[in-house]
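Heads up: the structure comes next, in structure tokens.
Please treat every number below as a calculation from the coordinates, not as lab data. Computed from a predicted structure; not experimentally measured. Reconstructed Cβ throughout: ideal geometry from the backbone, glycine too, with neighbour counts over all protein chains shown.
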Amino acid sequence: MHGPKRKRKKQRDVYHLSPFWNAVTHLLIGLFSFACVYPFLFVVVISFTDETVLATNGYSIFPEKWSVDAYTYIFKTGDQLLRSYGVTIFITLVGTLLSISIVSLYAYALSRNYFAYKGIFSFLAFFTMLFGGGLVPSYIVVSQVLHLKDTVWALILPMSVGAFSILIMRTFFKTMVPDAIVESGKIDGASEFRVFFNLVLPISLPGLATIGLFSALGYWNDWFNALLYIDDARLLPLQSLLMKVETNIQFILQNSTSVSGSDRSMIARSLPAETTRMAMVVLATVPIIFAYPFFQRYFVQGLTIGAVKE
């Protein structure tokens with residue numbers, strides 16, 4: 001009778017840390033967290049640094065003079081910046097939901113042993129990771145076959161399905177979803193879709209959150225599709241707009257070498273090139289940071305959901 005109790009007590013003692021080591025552990029974790037956050041805080045400080053002070057004294061966490069010239073220069077784009085934010089938020093939300101829906105349905109079919117064509121569809125997904133059609137065929141399909149040029153769908157559909165995400169979810173469904181759950185639903189008369197939506201998805205939130213996070217980051221940071229398919233400024237996403245601002249600054253600075261020295265210095269002061277780069281990083285990074293707590297909440301929720309009870 002006393003054997004199991006002594007064993008459990010011994011296990012608790014093994015995992016219990018003394019106050020000293022508990023403080024050391026918290027200190028190390030705190031230092032590691034600060035090391036992760038510090039670079040972004042440094043970028044924020046540089047974005048609010050005066051350009052002349054930055055050119056004279058270099059980077060500093062405590063600059064001699066603060067300035068908002070970089071943000072003022074970016075916000076000179078007017079309504080275009082807010083419109084680009086709206087386009088990026090729209091394609092991120094819609095694209096992520098579409099990607100999760102397609103990938104989870106595709107992967108769930110591949111994870112079922114009774115699916116007759118899972119070998120063929122597994123090969124089709126895996127083949128795209130090894131070989132691609134190339135840029136020219138992709139452009140022809142999107143612009144001439146599907147006629148998606150200068151539409152918001154040209155920014156969503158090309159990235160909606162990823163073979164890597166399919167393989168992740170297929171492995172998750174095979175290893176983390178017990179067959180007893182699927183069998184119990186079928187015994188109760190539920191259809192395949194009802195089993196998937198009512199039984200499988202609620203315990204698959206960690207996997208869905210993982211591919212959702214990858215998809216959201218991909219859509220938010222995408223600029224290449226806009227470079228290929230978007231000519232209408234009203235559909236320009238945030239990353240493409242910021243790249244155009246950066247390109248304009250570099251073009252003006254490179255072509256200012258032909259003017260006199262005083263005029264060139266005046267142009268350099270009016271164009272906060274270095275601080276503008278940092279301000280663009282802040283503007284492009286801060287909104288997506290708020291997505292992490294959302295996905296983290298679903299990670300925790302998915303991990304705490306119970307599975308099959310014995």
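A few notes on this one:
- Under Karplus coefficients 6.51, -1.76 and 1.60, residue-wise ³J(HN,Hα) of segment 82-90 in Hz, glycine/proline x: 5, 5, 5, 4, x, 4, 5, 5, 5
- Taking 0.36 nm per residue of separation and subtracting the current Cα-Cα distance, fully stretching the chain between residue 188 and residue 52 would add 41.7 nm.
- Ordering of 147-153, 200-206, 26-32, 236-242 by packing is 236-242, 200-206, 147-153, 26-32, highest average first (other Cβ atoms within 10 Å, averaged per residue).
- 5 angstrom amide H check on residue 49, placed H, neighbours 5+ away: 67
- Gyration tensor verdict on segment 32-82 (Cα atoms; rounded if a/c is under 1.5, prolate if a/b is larger than b/c, oblate otherwise): oblate
- Remark: for residue pairs 76/149; 149/244; 118/174, the C-alpha separation exceeds 25 Å in 76/149.
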